[in-house]
Amino acid sequence: MPHEKINIIVTSAGTASAISVIKALKSQTEIPVLIIAVDLDPMAAGLFLADEYKLVPAAHDSSYIQTLIDIGKQTGATVLIPIYSKEISIIAGHEHQLKQAGLRTFLPNPETIDRCNNKKVMYDFAKQAGLNVPRVYEQDEITALRETDFPLFVKPNSGSSSTGAEKVLSKERLIELVNTGRELVIQQFIDAEEVTVDVFCNAKSEAIVIAPRLRLATKSGQSVKGRTLSAQLFEKDVKNICSQLHLIGACNIQFFMTADTLYFIEVNPRFAAGCLMLTVGAGANIPLLLLKTLLSMDIADNECQTKPDFMMTRYWEEIIFEYKK
């Protein structure tokens, strides 16, 4: 165990994912840490859960990477954990520059990240990989759809959470959505349970944590109630996906689960937005494992396993602070 405190930058401090990562790192006692949270919004909740905080420009701003480097130098941070999908791709593309400046990350390459963020590309990948997937309809098939083909499920081809996703009950509504000009994925609606699998891959793209959890209730695409499941049913598909996509670090993979079939939905090359703390509480502290990997520390098998039938429910909590101009 290192005796010196490890200073860590966590980005997008206003997101549920960042708050979970901060809480997970603070809940462990193996490695002393100092957490510097950063965000564009001066009222982002995670800023006030960290040990220090800094404000940064938007991820697409030309000064964003240099700002992170400057914060690293000011605070002595040596680890950078990006959270939000769009910034992860940007940061991965500057990994060498960040590493030279003393900030280590543990991310897939930008090509893998962009591939995962394109739902149509991932649909083709899943079919070729032999995974079960909901049927996807091309726009030129819409006119041939019958009433019995509905409901369908429509979502943007890129994006996060459930923004823009909709259960579509009629051809008229489907045509309205298509006529907006957005790039959409139109797929078979499957009435099934939703499962998110929290995953951590080592540098060889081997999934060393496979932690499935049933999404019992969601709000804005994020789990607010959940239950952990046995990993056995998901191991083969998850290991196949991670290996073929060359994933490393934290990600989450989503499935629909019926009584006899798993349907692959998508891969998000980032920490999950909802119930990450359920996975931590059930035995696998993935943010800690990421930190141990960067520090070349041994990871025991029991640190990578979660117990089934752990439950989580979420509640609101306020942060009160004095406004300073």
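The values are calculated or read from the model by the stated rules, or taken from the named source; none is laboratory data. All values reported here derive from a predicted model rather than from experimental measurement. Neighbour counts run over all protein chains shown; Cβ positions are idealised from the backbone, glycine included. The protein model used for the area step is the full one, side chains on, heavy atoms only, and it has no ligands, DNA or RNA in it. Shrake-Rupley method; radii C 1.70, N 1.55, O 1.52, S 1.80 Å.
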Determine, yes or no, whether residue 185 is touching a residue at least 60 places away in the same chain (Cβ under 8 Å) and more than 30 Å from residue 309 (Cα to Cα).
yes
Are any residues in the range 246-259 under 14 Å from residue 116 (Cβ atoms), surrounded by fewer than 23 Cβ atoms within 10 Å (Cβ to Cβ) and not polar (S, T, N, Q), and if so, which ones?
246, 248
Looking only at the range 50-58, decide whether some residue is open to solvent by less than 10 Å² (accessible area, probe 1.4 Å) and of a type outside the set (Gly, Ala, Ser).
no
Under 7 Å between Cβ atoms, which residue pairs at least 6 apart in sequence (or on different chains) link something in the range 48-59 that is over 20 Å from residue 23 (Cα atoms) with a partner that is among the polar types (S, T, N, Q) and surrounded by fewer than 18 Cβ atoms within 10 Å (Cβ to Cβ)?
56/67; 57/63; 57/67
Any idea which of (1) open to solvent by less than 20 Å² (accessible area, probe 1.4 Å); (2) out of contact with any Lys or Arg (no Cβ under 7 Å at 6 or more places or on another chain); (3) under 22 Å from residue 273 (Cα atoms) is the one residue 186 doesn't satisfy?
(3)
Which listed residue, of 83, 71, is surrounded by 19 or more Cβ atoms within 10 Å (Cβ to Cβ) and in contact with a helix residue (DSSP H, G or I) (Cβ under 7 Å, 6 or more places away or on another chain):
83
Given the residues 171, 225, 236, 219, which is the only one that is closer than 17 Å to residue 253 by Cα and either free of Cβ contacts under 8 Å to residues at least 24 places away in the same chain or surrounded by fewer than 20 Cβ atoms within 10 Å (Cβ to Cβ) (or both)?
236
Using the structure shown, decide if residue 296 is open to solvent by 50 Å² or more (accessible area, probe 1.4 Å), touching a Pro at 6+ places or on another chain (Cβ under 9 Å) and either within 21 Å of residue 131 (Cα to Cα) or at pLDDT 95 or above (or both).
no
Residues being open to solvent by 70 Å² or more (accessible area, probe 1.4 Å) and either without any contact (Cβ under 8 Å) to a residue 40 or more places away in the chain or touching a Phe, Trp or Tyr at 6+ places or on another chain (Cβ under 9 Å) (or both) - total across the range 139-161
6
Look at residue 286 and say whether it is open to solvent by 10 Å² or more (accessible area, probe 1.4 Å), β-branched (Val, Ile, Thr), in contact (Cβ under 8 Å) with a residue 40 or more places away in the chain and closer than 23 Å to residue 205 by Cβ.
no
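Table: residues versus (1) hydrophobic (A, V, I, L, M, F, W, C); (2) part of a loop (DSSP other than H, G, I, E, B); (3) under 28 Å from residue 49 (Cα atoms); (4) modelled with pLDDT under 95.
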{"position": "253", "(1), (2), (3), (4)": "yes, no, yes, no"}
{"position": "290", "(1), (2), (3), (4)": "yes, no, yes, no"}
{"position": "306", "(1), (2), (3), (4)": "no, yes, yes, no"}
{"position": "319", "(1), (2), (3), (4)": "yes, yes, yes, yes"}
With the structure loaded, tell me whether residue 275 is out of contact with any helix residue (DSSP H, G or I) (no Cβ under 8 Å at 6 or more places or on another chain), closer than 30 Å to residue 95 by Cα, open to solvent by less than 20 Å² (accessible area, probe 1.4 Å) and in contact (Cβ under 8 Å) with a residue 12 or more places away in the chain or whether it fails that test.
yes
Filter result for residue 194 (without any contact (Cβ under 8 Å) to a residue 40 or more places away in the chain, out of contact with any His (no Cβ under 7 Å at 6 or more places or on another chain), within 20 Å of residue 268 (Cα to Cα) and open to solvent by 50 Å² or more (accessible area, probe 1.4 Å))
no
